[in-house]
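Undergrad: This is the structure, below, for whatever I ask next.
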Amino acid sequence: MKRFDPRVRLPGFITSLFKDAVWRLDEVNERVVYLTFDDGPIPEVTPWVLDLLWKEDIQATFFCVGENVMKHPEVYKRILANGHSVGNHTFNHWQGLKRKDQDYYRNVEKAGIYIDSDLFRPPHGWLKRSQFRHLKRQFRIIMWDLISCDYDARIKPERVYRNITDFVRPGSVITFHDSIKAKSNLEESLPRAIRWMKEQGYRFEAIPYNKQINSR
C-alpha cells in the first residue's frame, strides 16, 4: 500500500491559494517530467548531480541561492554550460513568511544580480500572498507537483525513492536538493528514481526560462 506523506504533494486547498503558480506542467498526456534541484550550487554536491545528469542525458532546472552562486561561480557556470535551466531562490534562502515584504524583495533582487532568470521558487515553498502578487509581475513562480523529501534525515533513501515512484505522473515538477543536508539520500535515491522513470517511458525536460531584462 502506498504511504502518502502530505509534504510530497501538497493538498489542493494549499495549492489553490497560489493558482497562478506552476505546480505541474501541461504535458499531462505525455510522459514528460521536470527534475528540479534547490539550494545549490555547492561544490560538495552539485558537480555530482551534473555528472549524473550528463551520464543520463537529462536536462533539469536548478533553483539557485544567490549567495552560493556568488561563492561558487565555477559550479554555476557549469550548470549553464551543460544546458540546464536556472531560477532564483533568493540570495540567503529566506522564507517569505518570516520577512517583511520590502526586505524580501530586496533579497530576491540581490540574487538576481547573480542569477539571470525569470523563474523563481520561494524557499520552503512559502511566501505571503502580497509577496506572491508582487513577484509574479516579474517572475514565473515555479512550485512542485512532487517533493522528494530528500532533505529529511529522519527518512531513508528507500522512502525518498518511493516518494517519486509511487506518485509521479505526466507533467510532474519534481523537487530534489543539491545540498549537504540532502546529500546522503540524494546520492542513493536519485539514480534509482531516474532509471525507474526511464523504464516507465518518461522523458526529462528542463523548465524553459528567459533572461531578466534588468539583470546585470
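Undergrad: Which residue, chosen from ILE142, LEU52, ASN68, occupies the Cα position most advanced towards the positive end of the dipole of the chain, where the dipole is computed from +1 (Lys, Arg) and -1 (Asp, Glu) charges on Cβ about the Cα centre?
TA: The one lying farthest along the dipole's positive direction is ILE142.
Undergrad: Still on this structure, I have one more. For the pair ASP26/SER130, report the inter-label distance in nm, with labels modelled 7 Å from Cα in the Cβ direction.
TA: Each label point lies 7 Å from its Cα, and together they span 3.4 nm.
Undergrad: Could you state the number of Å between the C-alpha centres of the range 57-110 and the range 161-205?
TA: That distance is 21 Å.
Undergrad: Within 10 Å of each candidate Cβ there may be at most 14 other Cβ atoms; applying that plus a DSSP loop requirement, which trypsin sites (Lys or Arg not before Pro) in the range 67-168 survive? Let's see the in-between values first.
TA: On the way: sites: LYS71, LYS77, ARG78, LYS98, ARG99, LYS100, ARG106, LYS110, LYS128, ARG129, ARG133, LYS136, ARG137, ARG140, ARG154, ARG159, ARG162; in loops: ARG99, LYS100, LYS128, LYS136, ARG137, ARG154.
Here the trypsin sites (Lys or Arg not before Pro) that fit, given the DSSP loop and packing criteria, are LYS100, LYS136, ARG137, ARG154.
Undergrad: Here's a follow-up. What does the helix-only formula give at 222 nm for the chain: each DSSP H stretch with n ≥ 4 adding -39500 (n - 2.57), the total divided by the residues, and the result rounded to the nearest 500 deg cm²/dmol?
TA: Theoretical 222 nm ellipticity from helices: -10000 deg cm²/dmol.
Undergrad: Taking every pair of Cα atoms in the chain, average 1/r, invert it to obtain the Kirkwood radius, and report Rg/Rh to two decimals.
TA: 0.94
Undergrad: A further question on this structure: Which distance in nm do the two modelled labels at GLU158 and ARG106 give, with both placed 7 Å along the Cα-to-Cβ direction?
TA: Modelled inter-label distance: 5.0 nm.
Undergrad: Oh, and also: At most 14 other Cβ atoms within 10 Å plus a DSSP loop assignment makes a site exposed; report the longest stretch of the chain without any exposed chymotrypsin sites (Phe, Trp or Tyr not before Pro).
TA: 5-125
Undergrad: Can you put HIS124, HIS177, HIS89 in order, fewest other beta carbons within 10 Å first?
TA: Values: HIS124 13, HIS177 23, HIS89 27.
In increasing order of surrounding Cβ atoms, one gets HIS124, HIS177, HIS89.
Undergrad: Let me ask something else. Roughly what would the spin-label model give for GLN200 and ASN92, points 7 Å off Cα along C-beta, in nm?
TA: Simple spin-label model gives 4.0 nm for this pair.
Undergrad: Let me ask something additional. In debye, nearest 20, what is the charge dipole magnitude of the chain about its Cα centre with +1 on Lys and Arg Cβ and -1 on Asp and Glu Cβ, if you could check?
TA: For the chain, the charge dipole is close to 720 debye.
Every number here is computed from the coordinates shown, using simple stated rules; none is lab data. These numbers were taken from a predicted model, which means no experiment stands behind them. No Cβ is skipped: glycine too gets one built from the backbone with ideal geometry, and neighbour counts run over all protein chains shown.
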